[in-house]
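Notes for the one structure printed next.
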Amino acid sequence: MSTSERPTILRRAPESYSAASKWLHWLTAACIFFLIPSGLSLEHLPEGVIQNTFYDLHRSFGFVVLCLAILRVGVRLYYGAPAAYAGLTPFERIASQAAHMALYVLIFVTPMLGWAATSAYPVTVSVFWLFNLPMIAPANEDLFKTLILGHKIAAFTMAGVLAAHIGGALMHGFIKRDGVLARMLPDGFMQPRN
Ligand code: HEM
């Protein structure tokens with residue numbers, strides 16, 4: 001079997017992120033930039049239509065993140081991902097790989113815990129008022145409290161990892177001005193300094 005005939009997951013790592021990986025990365029980021037502030041404000045909103053609408057939107061975008069996560073793992077297995085940027089220090093390489101791994105786990109775990117907590121409350125998740133998701137946990141107050149605590153811990157962990165991830169990406173893009181940030185941007189969008 002020649003190299004090009006091998007399944008993509010067994011071939012050499014590609015030189016850049018695929019367009020599909022980039023789209024999925026930025027769509028996920030856009031959802032999360034809505035989910036974190038909306039999640040923090042949900043309990044503080046006045047009860048009624050506005051609060052209910054934000055709960056529905058928060059749950060709907062959480063479900064979108066879960067779908068994007070599934071697609072993303074599929075795309076990553078199919079197209080692969082480029083090796084770490086050659087100019088990274090050993091610390092940067094290990095830290096960025098750990099952050100990426102944590103983010104992959106958290107984009108599954110956080111929405112799943114939110115969905116399970118909502119089921120245990122018990123409330124049905126309505127996705128953009130178009131269709132309902134099945135209940136995935138039995139109605140139980142103690143279970144709800146445990147699951148919602150897990151959801152909040154996962155969300156705060158994600159926010160912390162993201163702060164480091166985004167800080168690192170911006171530092172590479174605007175201070176070191178190497179090719180790291182450009183790897184996740186559309187081709188030719190940002191030229192590294194050297
Ligand atoms: C907000 C939600 C975000 C999530 C969940 C997320 C997650 C991830 C993950 C899992 C990877 C690894 C991709 C892979 O190797 O398969 C990655 C790569 C990357 N992300 Fe993010 N990211 C987010 C936001 C951002 C933002 C706002 C920026 C820029 C300011 C950014 C910049 C990058 C860059 C440059 C890479 C490629 C790093 C490399 O070449 O090794 N990300 N992101």
Single match in ALA169, ALA163, ALA99 (criterion: more than 21 Å from VAL64 (Cα to Cα), in contact with a His (Cβ under 6 Å, 6 or more places away or on another chain) and of a type in the set (A, V, I, L, M)): ALA99
Condition met for GLU47 (outside any helix (DSSP H, G or I) and without any contact (Cβ under 8 Å) to a residue 24 or more places away in the chain): yes
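Which residue, of ASP187, ASP178, is within 16 Å of the ligand (Cβ to nearest atom) and in contact with a helix residue (DSSP H, G or I) (Cβ under 6 Å, 6 or more places away or on another chain)? Break it down into steps so the answer makes sense when it comes.
On the way: ASP187 fails: in contact with a helix residue (DSSP H, G or I) (Cβ under 6 Å, 6 or more places away or on another chain).
Matching residue, one of ASP187, ASP178: ASP178.
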Matching residues in region 94-136 - criterion: being aliphatic (A, V, I, L, M), more than 30 Å from ALA81 (Cα to Cα) and open to solvent by less than 60 Å² (accessible area, probe 1.4 Å): ALA116, ALA117, ALA120, VAL123, VAL125, VAL127, LEU133
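Per-residue answers, yes or no, for (1) more than 28 Å from ARG177 (Cβ to Cβ); (2) of a type in the set (S, T, N, Q):
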residue	(1), (2)
GLN51	yes, yes
VAL65	yes, no
TYR79	no, no
PRO90	no, no
VAL105	yes, no
THR118	yes, yes
PHE128	yes, no
Subset of region 84-94 (residues that are under 18 Å from LEU170 (Cβ atoms), away from the ligand (no atom under 11 Å from the Cβ) and outside any loop (DSSP other than H, G, I, E, B)): PHE91
Answer from ALA81, ALA155 - the residue that is at pLDDT below 95, within 16 Å of the ligand (Cβ to nearest atom), surrounded by 15 or more Cβ atoms within 10 Å (Cβ to Cβ) and among the hydrophobic types (A, V, I, L, M, F, W, C): ALA81
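The values are calculated or read from the model by the stated rules, or taken from the named source; none is laboratory data. Just so it is clear, the structure is predicted and the values come from calculations on it, not from any experiment. Quick reminder, even Gly has a Cβ in these numbers, built from the backbone with ideal geometry, and neighbours come from all protein chains shown. The protein model used for the area step is the full one, side chains on, heavy atoms only, and it has no ligands, DNA or RNA in it. Shrake-Rupley method; radii C 1.70, N 1.55, O 1.52, S 1.80 Å.
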